[in-house]
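Worksheet for the structure shown next.
The values are calculated or read from the model by the stated rules, or taken from the named source; none is laboratory data. Predicted model only: the values in this text are computed from it and were never measured. Because the Cβ atoms are built from the backbone with ideal geometry, glycine has one as well, and the counts that use them run over all protein chains shown.
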Amino acid sequence: MMTTKPNTIDEYIALFPANVQTVLQQVRATIRKAAPEAQETIKYAMPTYVLNGNLVYFAAFQHHIGFYATPTGNEAFKEDLSGYKTGKGSIQFPLSQPMPLDLITKIVTFRVHQNQEWAMAKKKGKQSA
């Protein structure tokens, strides 16, 4: 679907058909609501959210939305994700089904807390050195 490399999430979303753009905007709004302090960027040619490190990524494909919450995000929600195709750090949400926005919210919130804990532990480590 993509023919040009986007520089912003708006540019990324604009590359897709209207029906897919709607879904991408829903996913984007869900992430922004769950992590309002996160910065939006493009990494690996995908919309990415950064807060104390990479938080989550998402991408559109022909038949699904790929959602990437790192392996820890998948492990923590293994039961919730049992109905979806998953990989080590990826989840495929079919475009033929409603997006599980509540589940995306839970995963993003989990990742925000995880990254905050990681950042605090890193800061404490530097203070004691």
Which of the residues that make up the stretch 1-33 are among the hydrophobic types (A, V, I, L, M, F, W, C), closer than 16 Å to LEU101 by Cα and either in contact with a helix residue (DSSP H, G or I) (Cβ under 6 Å, 6 or more places away or on another chain) or part of a loop (DSSP other than H, G, I, E, B) (or both)?
LEU24, ILE31
Name the one entry in THR105, THR48, THR109 that is of a type outside the set (A, V, I, L, M), within 30 Å of LYS123 (Cβ to Cβ) and touching an Asp or Glu at 6+ places or on another chain (Cβ under 8 Å).
THR48
Select from the stretch 73-106 the residues that are surrounded by 15 or more Cβ atoms within 10 Å (Cβ to Cβ) and part of a helix (DSSP H, G or I) and write down the one among them that is modelled with the lowest pLDDT.
GLY73
List every residue pair whose Cβ atoms lie under 6 Å apart, where the two residues are 6 or more positions apart in sequence or sit on different chains, the first residue falls within the stretch 107-118 and is at negative phi and surrounded by 14 or more Cβ atoms within 10 Å (Cβ to Cβ), and the second residue, located anywhere, is in a helix (DSSP H, G or I) and not hydrophobic (A, V, I, L, M, F, W, C).
ILE107/GLY73; ARG111/GLY73
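Step by step: first the residues of the stretch 50-63, then only those that are out of contact with any helix residue (DSSP H, G or I) (no Cβ under 7 Å at 6 or more places or on another chain) and assigned to a strand (DSSP E or B), then the one that is nearest to GLU11 (Cα to Cα). Which residue is that?
Going through the stretch 50-63, the residues out of contact with any helix residue (DSSP H, G or I) (no Cβ under 7 Å at 6 or more places or on another chain) turn out to be 50, 54, 57, 59, 61-63.
The next check asks that each one be assigned to a strand (DSSP E or B); those that pass are 50, 54, 57, 59.
Working: VAL50: 18, ASN54: 20, TYR57: 15, ALA59: 13 Å.
Looking at the filtered set, the residue picked out is ALA59.
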Of these, PRO47, PRO36, which one is of a type outside the set (Gly, Ala, Ser), closer than 25 Å to ASP102 by Cβ and in a loop (DSSP other than H, G, I, E, B)?
PRO36
